[in-house]
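*Asks:* Following this message is one structure expressed as structure tokens.
The values are calculated or read from the model by the stated rules, or taken from the named source; none is laboratory data. What you see is a predicted model, and the numbers here were worked out from it, not measured in a lab. Cβ atoms come from the backbone with ideal geometry, glycine included; neighbour counts cover every protein chain shown. These area figures cover heavy atoms from the full protein model, side chains too; ligands, DNA and RNA do not enter into them. Shrake-Rupley method; radii C 1.70, N 1.55, O 1.52, S 1.80 Å.
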Amino acid sequence: MSPKIFKGVPAQKFGGFHDTESRKVFDQDLIPEKFNLLKERFFSVNNWENYTGKAFAAFKLYDFDGNPADREPQKGDFIRIDIPGPGEPEAKGYDWVKITDICFYQDSFSESISITCRPSINPQNKKSRHIAHFYSSAASSTFMISRNIAYLKAAVYGRNERPNWNAKLPDVIRNLATALGGMLGIAKIQWKQLTDSFLDFD
């Protein structure tokens, strides 16, 4: 199966990929109101864990200097991810991504918003240029929400997923195990939990 192609989603060139999507149908009159609620959730990165439950990864937004941020995400910001289980000791157990793009598209019948992130350094460790993530810097995750006249959609699109080999041996083993698990579908199950929760307004 080939990866889906959307505006704002990087092209798939090598490694693993996934297309994780959730849809929910609403009466046409309710679509604008529900999409506004969805946008509030989507831009509240620090609250994503509240929608999915404590068993899921915790996300925290940081500005370009590595300071905690309690606002909507911006291009150049970082997101610290706390995945259940051991993380890289050098990054104090966390994985880090940088927001490289935020895209908005709209026409008469539809609207979409996407946030693309790539594995990054730990912005709080100014001395290290090491990618603090189990995937290499070429990988990307694009979080997207959209609406049309019939339904809302929340999605995560992973592209060019390969393990991060540029680390100390214990971290390489951890990166390989985590990355392979993700490429084999474990990450897709977790992302589906997030996309489903974005649309759970009940």
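*Asks:* Can you give me the number of residues within the stretch 38-52 that are surrounded by 15 or more Cβ atoms within 10 Å (Cβ to Cβ) and closer than 19 Å to Gln74 by Cα?
*Replies:* So the answer is 9.
*Asks:* Taking the stated definitions as given, is Pro73 modelled with pLDDT under 95, of a type outside the set (D, E, K, R) and either open to solvent by 20 Å² or more (accessible area, probe 1.4 Å) or within 16 Å of the chain's Cα centre (by Cα) (or both)?
*Replies:* No; evaluated as a whole, the condition is false for this residue.
*Asks:* If you don't mind, another one. As an exercise: evaluate Asn36 against (1) more than 14 Å from the chain's Cα centre (by Cα); (2) not hydroxyl-bearing (Ser, Thr, Tyr); (3) not in a helix (DSSP H, G or I) and give the number of the one condition it does not meet.
*Replies:* Looking at each condition in turn, Asn36 falls short on (3).
*Asks:* Next question, about the same structure. Of the residues in the stretch 123-133, how many are open to solvent by 20 Å² or more (accessible area, probe 1.4 Å) and closer than 19 Å to Ile83 by Cα?
*Replies:* Residues that pass the stated criteria total 3.
*Asks:* Scan the stretch 27-48 and report the pairs whose first residue is more than 12 Å from Ala154 (Cβ to Cβ) and whose second residue is open to solvent by less than 40 Å² (accessible area, probe 1.4 Å), with Cβ atoms within less than 6 Å and a gap of 6+ or a chain change.
*Replies:* Close Cβ pairs satisfying both conditions: Val45/Phe59; Val45/Leu61; Val45/Pro73; Asn46/Leu61.
*Asks:* Against the condition open to solvent by 70 Å² or more (accessible area, probe 1.4 Å) and either modelled with pLDDT under 90 or not β-branched (Val, Ile, Thr) (or both), how does Leu194 come out, does it pass?
*Replies:* no
*Asks:* Mind listing whichever residues of the stretch 76-109 are at pLDDT 95 or above, surrounded by fewer than 16 Cβ atoms within 10 Å (Cβ to Cβ) and either at positive phi or part of a loop (DSSP other than H, G, I, E, B) (or both)?
*Replies:* Passing the criteria: only Gly76.
*Asks:* Here's another thing I want to ask about it. Arg159 - would you say it is surrounded by 22 or more Cβ atoms within 10 Å (Cβ to Cβ) and closer than 27 Å to Phe26 by Cβ?
*Replies:* The answer is no for Arg159.
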